[in-house]
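In what follows, a structure is listed as structure tokens, so that the remarks can point back to it.
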Amino acid sequence: MPAFSLDPPQSAWCAELRALAAERLRPLAEKGEPGHVNRALVTELGELGLLERLFTSGAVDLCLMRESLAYACTEAETALALQGLGAHPVHAHGTPAQRERWLPRVADGTAIAAFALSEPAAGSDAAALELRAEAGASDPVAEPDGGARWRLTGEKCWISNAPEADFYTVFARTTPGAGARGVTAFLVPADRPGLTGTGLDMLSPHPIGALSFDAVPVTADDVLGEVDRGFRVAMGTLNLFRPSVGAFAVGMAQAALDATLAHTAQREAFGGKLKDLQSVAHQVAEMALRTEAARLMVYAAATAYDEGAADVPKRAAMAKLLATETAQYVVDQAVQLHGARALCRGHLLEHLYREVRAPRIYEGASEVQRGIIAKELYATREAAQ
């Protein structure tokens, strides 16, 4: 695989995205209410044409968008990413009717999407999910038009954009005891009877909630992909979005690094500038080294995805793992070098310090990524023997 580097048009586009994020998106983000969907911000993302690119561009472009937006406005980055995560299964596996109804509204920012996989007892072990798609004693009940009908019963938890989304990509168990092979993906509009939700008060400022399904009706027309093949829908979506979570992390790390460069270059301490202290200079160099290494791994994984490489799951896991752990380290060191001012509410680093923690958990915790990497390595070894 060739080494990744930005060509001039890509570099110019990233600079434009950073400027748009700072000038047009950040003011809208600042007017939003923490813990709630900022529909004005999502609409602006649609008017700028960024949401439509979720469905017309590849993984590299997705990473470029997420890194660039994260650098200047993490709220805008997250709003864009959540639209993509919730709607990608519809784009990739939806019926023509599903796509026609929802994707234009996602692209223009008038419909909010959500990806509902995690449950109170099934977070990292997503194959253990317990939300039931029940059809009575045995097979799904036939509808008059020949379609199948189920009722969803159970709970989802830690769902971004819940409970304010307009539709959810929901993963439910259609075959008990079958593990990952018995899960089906459904497109569930938020106004279905029996579907309720509550917001959760989380460290991260974006909306996260829990959903309750009390015999929520779904039919064959709501299935995304094939019955009992929904886990493939989930993992395919995560293989695309995991490298871009890494890009989000790299954008935050770069913002923290640049803030640290500016601060240490002008801050007077011990008779000189902070940057003149060898311990500080070496720390800044380490922050830069790790950020660039993470960036290269993120774009290598994204390039592999766009080229249809066989080792995408391993590369995606590596990219998310390295980038999110790196961002945590860089932001933490940036806070240390800034001192108490970085802990003041409203400071860039105080904001990043709250934002940077969650990506090490969602879309597969760091421990899960290590498990995926090891599994893929051993599978490759066995296949070669």
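Read the figures in this text as sums done on the coordinates, not as results from a lab. As the structure is a prediction and not an experimental result, all values here were calculated from the model. Quick reminder, even Gly has a Cβ in these numbers, built from the backbone with ideal geometry, and neighbours come from all protein chains shown.
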Figure the gain on full extension for residue 293 and residue 92 (residue separation times 0.36 nm, minus the Cα-Cα span) and round it to one decimal in nm. 69.3 nm
Which value, to two decimals, describes the C-alpha radius of gyration of the stretch 113-228 once divided by 2.2 N^0.38 Å? 1.03
Order 339-348, 33-42 from most to least packed using the mean count of other Cβ atoms within 10 Å. 33-42, 339-348
Nearby aspartates and glutamates by direct alpha-carbon distance to residue 31 (threshold 14 angstrom, same-chain neighbours under 8 apart not counted): 23, 44, 75
Quarter of the surface of the C-alpha convex hull for the stretch 254-301, i.e. direction-averaged projected area in nm², equals 3.2
Measure out, as a whole number of angstrom, how far apart the alpha-carbon centroids of the stretch 176-212 and the stretch 57-73 sit. 26
Taking H placed 1.01 Å from N in the peptide plane, check which residues at least 5 places from residue 112 or on another chain put their amide H under 5 Å from its amide H. 166, 167
Looking at the chain, what % of the alpha carbon pairs are farther apart than 27 Å? 50
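Assigning unit charges at the beta carbon (Lys, Arg +1; Asp, Glu -1) and nothing else, what dipole magnitude in debye, to the nearest 20, does the stretch 23-124 show about its Cα centre?
Approximately 200 debye in magnitude.
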With the Cα gyration tensor of the stretch 8-108 giving a ≥ b ≥ c as the square roots of its eigenvalues, does the rule (a/c under 1.5 for rounded; else a/b larger than b/c for prolate; else oblate) give rounded, prolate or oblate? oblate
Over its Cα atoms, what ratio of radius of gyration to 2.2 N^0.38 Å does the stretch 232-384 give? 1.19
Can you give the angle from 0 to 90° between the axis of helix 59-72 and the longest principal axis of the chain, with both taken from C-alpha atoms, to the nearest 10? 50
Using alpha-carbon coordinates, inclination of helix 312-338 to the longest axis of the chain, degrees: 40
HN-Hα J in Hz across the stretch 279-291 - Karplus 6.51, -1.76, 1.60, θ = phi - 60°, x for Gly and Pro: 4, 6, 4, 5, 5, 5, 4, 5, 4, 5, 4, 5, 5
Counting Lys and Arg as +1 and Asp and Glu as -1, what is the net charge of the other residues whose Cβ lies under 12 Å from the Cβ of residue 121? -3
In percent, how large is the relative contact order of the stretch 113-228, given Cα pairs closer than 8 Å and 6 or more residues apart? 30
When the distances between all Cα atoms of the stretch 181-313 are binned every 5 Å from zero, what whole-number percent does each bin get? 2, 8, 11, 11, 12, 12, 11, 10, 7, 5, 4, 3, 2, 1, 0
Radius of gyration and Dmax for the stretch 303-385's Cα atoms, expressed in Å? 17.1, 57
Give me 244, 11, 212 sorted ascending by neighbouring Cβ count inside 10 Å, so fewest comes first. 11, 212, 244
Please give the Cα centre distance for the stretch 306-328 versus the stretch 22-56, rounded to the nearest Å. 26
Where nothing but the Cβ of Lys and Arg (+1) and of Asp and Glu (-1) is charged, how large is the charge dipole of the stretch 292-382 around its Cα centre, in debye to the nearest 20? 280
Cβ-defined net charge surrounding residue 267, 12 Å radius [Lys, Arg +1; Asp, Glu -1]: +1
Between the Cα axis of helix 366-384 and the main Cα principal axis of the chain, the angle (0 to 90°, nearest 10) is 70
